[in-house]
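Each reported figure results from applying straightforward, stated rules to the coordinates on display, with no laboratory input. Computed from a predicted model, the values in this text were never measured in an experiment. Please note: Cβ atoms are built from the backbone with ideal geometry, for glycine as well, and neighbour counts cover all protein chains shown.
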Amino acid sequence: MIYNLVIYLYLLGVAIYSRFNEKVRKMWRGEREAFKILREKVDPNAKYVWFHAASLGEFEQGRPLMEQLRKDHPEYKILLTFFSPSGYEVRKNYEGADIITYLPLDTITNARRFLRTVRPVMAFFIKYEFWYNYLHILKHRGVPVYSVSSIFRPEQVFFKWYGRQYGRVLNCFTHFFVQNEISKELLAKIGITDTTVVGDTRFDRVLQIKEAAKQLPVVEAFVKDAPLVFVAGSSWPPDEEIFIKYFNEHKNWKLIIAPHVIGEDHLQQIEKLLEGRKVIRYTTLDGLDNLENLDKQDVLIINCFGLLSSIYHYGNVAYVGGGFGVGIHNLLEAAVWDVPVFFGPNNQKFQEAQGLKTSGGFEISSYEDFAAQMDRFAADAAYLQEQGQKAGHFVKGQSGATQKVLSSVAL
């Protein structure tokens, strides 16, 4: 089969490229070590529920399911696998799973060996994961397999004439819990009707994150008595060129920037754009007892990771970056705090962005778009509050997918 040939060619490419790229080397090494980890940790008498997430974003979608399952059904153990180092390396010590490892590449030999070792009683594949050999062997063994928070589009290979053979992999799933009606309709056109529209489990996850938000004394001291606070999260240079220009001209706003890349070159680039504004970096203050006069600063740059979801709480307006590049970052982490959210034009594939466009979210494609909307926010406090509440209600209204999924599977 062509698929298996492609997998073996990919395997060869990864082996070669791993000699030159650290991220690929971690993945290559991790996949090879996976069977060792399984041999050491798998309890042959336990019942394992397998969750597979490609990377960190998919993990966040699967996390509410894992944690609720663990709470309601402690008789099961949880195996969590990743494909990408950006997921595994960040969450390899996650306490919500009993075993965490890379997923060995989808060769027939690897899939048989993996499933013979673990013997899962059911499996959850998050969003886009369609590994042909694993799924066919799971079906052959009679293991229920669920696709969670999946979303389908007409341009995907499953719905093209040339993708019919590979598209058979979809028949291996016991049930699809999809994000929207379009996905359900597309699957129905190719004969797959075991589908339920439940939405996206990420909405449940951001509500969890909100409940667990941290108090940040540095940020509290910075925004003290500030009439208006703008939080820019996961920003890239094209984003920064737009919103920094506005704040250089409108100095009644406090500005918090949490850039996606916190390398020194990028931080200096941001500071250069700020044209003499009073700028301070978070790590120069964190841990200090005396934060007096921090409120006299104009801009706080968050030059570390792990704080952004809590920082949105301190803003009146938020901007989520990436929409002028490959795609926007996590809009929901901002919207859940009842603040209106800006994002760039590359958002068509993001279901939450489409929903927010009528519920407190604002797509911009130029400085003029941004400035006009910001001027309206600054001039009309009631309108600003209204748009923020719309964003928060949108998130709360889309929650509940986790319970819908778990109430429908045979546990």
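Details
- Once the chain from Arg281 to Lys160 is taken as fully extended at 0.36 nm per residue, the excess over their C-alpha distance is 38.5 nm.
- Over region 158-202: Kirkwood hydrodynamic radius from C-alpha pairwise inverse distances, Å: 11.0 Å
- Between Lys296 and Ala212, the FRET efficiency from the beta-carbon distance, with R0 = 30 Å, is close to 0.45.
- For region 210-397, alpha-carbon Rg and Dmax in angstrom: 15.3, 46
- If R0 is 35 Å, the Cβ-Cβ spacing of Ala226 and Tyr128 corresponds to a FRET efficiency of close to 0.30.
- Prolate/oblate/rounded label for region 316-411 (Cα gyration tensor, a/c 1.5): oblate
- Using a Förster distance of 45 Å, the FRET efficiency for Arg116-Lys404 (Cβ separation, nearest 0.05): 0.85
- Spatial separation of Cα centroids for region 25-85 and region 105-142, in angstrom: 13 Å
- Converting the Cα gyration tensor eigenvalues of the chain into ellipsoid dimensions via √(5λ) gives semi-axes, longest first, of 41, 24, 21 Å.
- With both labels modelled 7 Å from their Cα along Cα-to-Cβ, the Glu22 to Lys36 distance reads 2.1 nm.
- For region 300-355, fraction of C-alpha pairs farther apart than 12 Å, in %: 65 percent
- For region 189-208 versus region 237-277, the gap between their alpha-carbon centres in whole angstrom: 37 Å
- Cα pair count fraction exceeding 21 Å, expressed as % - region 2-197: 53 percent
- A simple spin-label model places the labels of Glu249 and His73 5.7 nm from each other, with each point 7 Å out along Cα-to-Cβ.
- Label-to-label distance, nm, for residues given as Ala382 and Lys139 (7 Å Cα→Cβ offset): 5.9 nm
- Sites counted here are chymotrypsin sites (Phe, Trp or Tyr not before Pro) in a DSSP loop (not H, G, I, E or B) having no more than 16 other Cβ atoms within 10 Å; the longest part of the chain that contains none of them is 129-304.
- Measuring against 22 Å, Cα to Cα, the residue pairs Lys357/Lys396; Lys26/Lys71; Lys41/Lys210; Lys26/Lys214; Lys77/Lys184; Lys160/Lys357 contain Lys26/Lys71; Lys41/Lys210; Lys26/Lys214; Lys77/Lys184; Lys160/Lys357 as the ones spanning a longer distance.
- Whole-Hz ³J(HN,Hα) from phi, Karplus 6.51 cos²θ - 1.76 cosθ + 1.60, for region 239-247, glycine and proline x: 5, 5, 4, 7, 6, 5, 4, 5, 6
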